[in-house]
Amino acid sequence: MPNQIFETIISLVLAVGLSFLVGELIIRAITKGARRAKISKPAIRNIREVITALWVTVSIAWIFEILGLTSLITSLTVSGIIGLAISLGLQTTLSNVIAGIFLLQDNALHTGDTISIGSITGEVAKLGLRNTWLRTGKGDIVIVSNSSLSAGPLTNYTAKERLNKKLDTE
């Protein structure tokens, strides 16, 4: 009996440690990319919070499974329902964040670039994970969602050399 308790404790420590490690690696990778792209600190904090919430959900389900408090199917069902609720609630935000990550990863936009999306032309004033701020020729600020930018067509007038180098290396 004491041996079984010891194995359960070791399993719990490994489960929490492994899930924490994976979550932390994902958070660090996204944070590094966001800082490189000069994303605002509040936007980075929001992403960290979403990933942390997912990590906690998975960890709790895993702990319940190890302790035998629930079956694997029930654990997966609860995790699935929680994940579905979170994803439905944050669908638009997550879509914009994912599009923002891809835009940053591709180096398609930098602050100061002059771009055109649809009938809007302006200079990129601020790049965020959820949206991008453009300053028009009249000085107005237009906030465009990153999913709209990703869906395109997007014309970047000032990044020809940078983007051509990127295309040549691929």
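Quick notes on this structure:
- Cβ charges +1 (Lys, Arg) and -1 (Asp, Glu), total dipole of region 105-167, debye: 100
- Cβ-derived FRET efficiency at R0 25 Å, F20 paired with I98, nearest 0.05: 0.60
- Overall form of region 107-169: prolate. Here a/c, set by the Cα gyration tensor axes a ≥ b ≥ c, is 1.5 or more, and a/b is the larger of a/b and b/c.
- Here each label is just a point 7 Å from Cα along the line to Cβ, and for I10 and T111 those points are 5.1 nm apart.
- By definition, a body whose alpha carbon gyration tensor gives a ≥ b ≥ c is oblate when a/c is 1.5 or more and a/b is not larger than b/c, and region 2-89 fits this oblate description.
- For the chain, relative contact order (Cα pairs under 8 Å, six or more residues apart, normalised by length) works out to 18 percent.
- In the chain, helical runs assigned H by DSSP with n ≥ 4 each contribute -39500 (n - 2.57); averaged across all residues and rounded to the nearest 500, the mean residue ellipticity at 222 nm is -22000 deg cm²/dmol.
- Packing-based order for 52-58, 78-84, using average beta carbon neighbours within 10 Å, highest first: 52-58, 78-84
- Peptide packing for 129-135, 26-32 was compared via the average number of neighbouring C-beta atoms within 10 Å per residue; ordered from the highest value, the list is 129-135, 26-32.
- Dipole size of the chain about its Cα centre, with +1 on Lys/Arg Cβ and -1 on Asp/Glu Cβ: approximately 700 debye, rounded to the nearest 20.
A short reminder: the numbers here are calculations on the coordinates, not readings from a lab. Computed from a predicted model, the values in this text were never measured in an experiment. So basically every Cβ, Gly included, is an ideal-geometry build from the backbone, and we count neighbours across all protein chains shown.
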